[in-house]
1. Go ahead and run the numbers for FRET between Asp166 and Ala36, Cβ-Cβ distance against an R0 of 45 Å, rounding to 0.05.
2. What order, most packed first, do the peptides 11-17, 165-171 have when packing is the mean number of other Cβ atoms within 10 Å of each residue?
3. Compute the FRET efficiency between Val6 and Glu159 as 1/(1 + (r/R0)^6), taking r as their Cβ-Cβ distance and R0 = 35 Å, and round to the nearest 0.05.
4. Among Phe75, Phe177, Phe70, what is the fewest-to-most ranking by other Cβ atoms within 10 Å?
5. log10 I(q)/I(0), Debye, Cα-only region 5-74, no solvent, q = 0.19 Å⁻¹?
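Just so it is clear, none of the values below were taken in a lab; they were calculated from the coordinates. All of these numbers come straight from a predicted model, not from anything done at the bench. Counting neighbours? That spans all protein chains shown, and the Cβs are built from the backbone with ideal geometry, glycine included.
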Amino acid sequence: MTPRIVLYGPRVMPLTEKVGRALRVKRLAFEVVEPASAEDYRRLSPETGLLPVLEVDGTRIPDSAAILDFLDGRFPDPPLVSSNLRVAREQRRLEQWIDQTLAFYMLRWVRALIGPDVPLPVAGGGFPAGSLSKLGLLDAEGKIHSEVFDPPAGGPGDEFRRRLDDLEQMLGSRRYFYSDRISRADLSVCASLSVMYRDAYPGARARLAERKALFDHVERVLVETGGAEPI
């Protein structure tokens, strides 16, 4: 029997995109339901008020990492981690680092420009697109309004760019991180950097393109999981 799967979360949020692309890797059909108001966050995720949340046949699972664990347990083929335990640990470690770190640099930059009303990442990481939308910082396509920024200022900063360099070095000449096929690490990297790939703030795509191997990796994962548009 085909399960009924609903993914609750803003399409433009990287953690929602990570889960959606994991579902595509698993070849599972799903519906996306986006929150329409701040109250929807608490209604859809009463325990934490955070999205994404996945519902499978009436059972709701919060937290993107826990969701991917659930998917591998319930729908094991294809797996989202390597069968090699050492490699699997590295893939999970990279996923956690990406989910918690890249959003922090981005939001710290936005906060410095806009002020303290911009929320910093919550425990578990992620880019609070819903909060930014309520502040009027995102347009209907999920892009940060260009008039908010001074493009020559260079984006999230030198430290962020060094982390991109670190990622490219970690990837090396491989098609995927630590493996020869897509894993949850690749989904996290792709979902977080798709913000840059889609040029969500001025100059973002150009800065990603400066790191060709990383740019090609993001593009490759997007193509192999349904295309460049948000899920």
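1. With a Förster radius of 45 Å, E is 0.75.
2. Peptide ranking by packing, descending: 11-17, 165-171.
3. FRET efficiency, Val6 to Glu159: 0.40.
4. Placing the least packed residue first, the sequence is Phe70, Phe75, Phe177.
5. With no solvent term, the Cα-only Debye profile gives -0.66.
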